[in-house]
Structures are given as C-alpha cells and as structure tokens.
Amino acid sequence: MAPSSSRNHQREFSLPPTVAGPADVSRLLRELEAIDNSLLQLGLRSGGGSVKMPKTSKLMDQLIQHNELNLLHKDDRQTLKQYLGAIHDKAPVIHMSFGTDPSPAFMEKLVVWLRREIHPLLLLTTGLQPTIGAGCIVRTTNKYFDLSLRQDFAGKRQLLLDKLKGLEPGQ
C-alpha cells in the first residue's frame, strides 16, 4: 500500500452533499486550521508521544470519512487544506431563492443533482423571497432564471383575466 501522501496526490477529492455552500467550506477551513494548531500544540507538549485527535464537527467528520482521510497525518491535513482553499476560491456558485425554507433532505438531493448534472464541486447558497409563491429563482455569476409561480402568472396574465371574465354571472 502506498503512503498516504502519494495516495492523496493520485486520487480525486469530492465533497459530501452536506457541504453545500461557501460558508460550509469556510467553516471547514477554519476548523482544519484549529485542528492543525491543536495537534501542533499537543505534539509540542507531549514531547512527540501519542496524540489524541481533537473533537471535530459533524461536517468535518463527513468530509474526512467521505474522502478516507486521517487528520492525524500532517500530509492529509495539508492536502485537505489546499483542496478546500481551491474550492473556496474557484468552485462555481449558484444562488437559489425559495418562498420558504427548503428542508435539509430536499437541499441534499438538490446538491447531489446539481453536482452530477452541472459541476462536481458546485457550491449552492440559498435565500428566502416569500413573494415568489412557489418555485424558485436561480442566479449564477452571469445568468438569472425566474422559475417562480409569480413569474408564470405574470406571463399568463391576459389568459387569467379572460378566464375570469368568462366566469362572471349573467353572460
């Protein structure tokens, strides 16, 4: 079996669907930096003896398990830090606005689909716009798509008015 550092250079990293947006990536980078500092301090204090891993968040646990990493190895931490930094700086970001808060299960399915269909490292941010009714509004750096019920009704306004006039009593 190859050492962990050569293993990391040969394989591709991927993000679990729970790491959805730029804020998650930033949080993971800060946590990784704290882990790195903790392990350095523990290593200095114990004089090179065995070191116990500091407590990690659920998101970090999922990321390291998904990519089969061991954060006790400095090479794995360094590689993960570079990977997360590259994602933070270069990954495509889509913003979607919904009328209500989407459920975590829906968001996970949406992230999986977007990464499969658009880009494997895509990051998604969400927002609330109660005025859109149903549907969503999608924004990228250079595109805007209004897929809301409000927009659909606005496009069919005359048809709705004609149908409503046909329902008036006495005609």
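The values are calculated or read from the model by the stated rules, or taken from the named source; none is laboratory data. Everything numeric in this text was worked out from a predicted model, so none of it was measured. Note that we place each Cβ from the backbone using ideal geometry, even for glycine, and neighbour counts take in every protein chain shown.
Would it be correct to say that HIS66 is in the same structural domain as ALA34 (by TED's automatic domain parsing), in contact with a helix residue (DSSP H, G or I) (Cβ under 7 Å, 6 or more places away or on another chain) and either at pLDDT 85 or above or farther than 30 Å from ASN142 by Cα (or both)? No; evaluated as a whole, the condition is false for this residue.
Is it the case that LEU110 is surrounded by fewer than 16 Cβ atoms within 10 Å (Cβ to Cβ), of a type outside the set (Gly, Ala, Ser) and not assigned by TED's automatic domain parsing to the domain that holds LEU28? So LEU110 fails the test.
Look at (1) of a type outside the set (Ser, Thr, Tyr); (2) under 28 Å from ILE35 (Cα atoms); (3) touching a residue at least 40 places away in the same chain (Cβ under 8 Å) and you find that GLY99 fails only one, number (2). Filtering the stretch 57-101 to residues that are in a strand (DSSP E or B) and surrounded by fewer than 18 Cβ atoms within 10 Å (Cβ to Cβ) leaves VAL93, HIS95.
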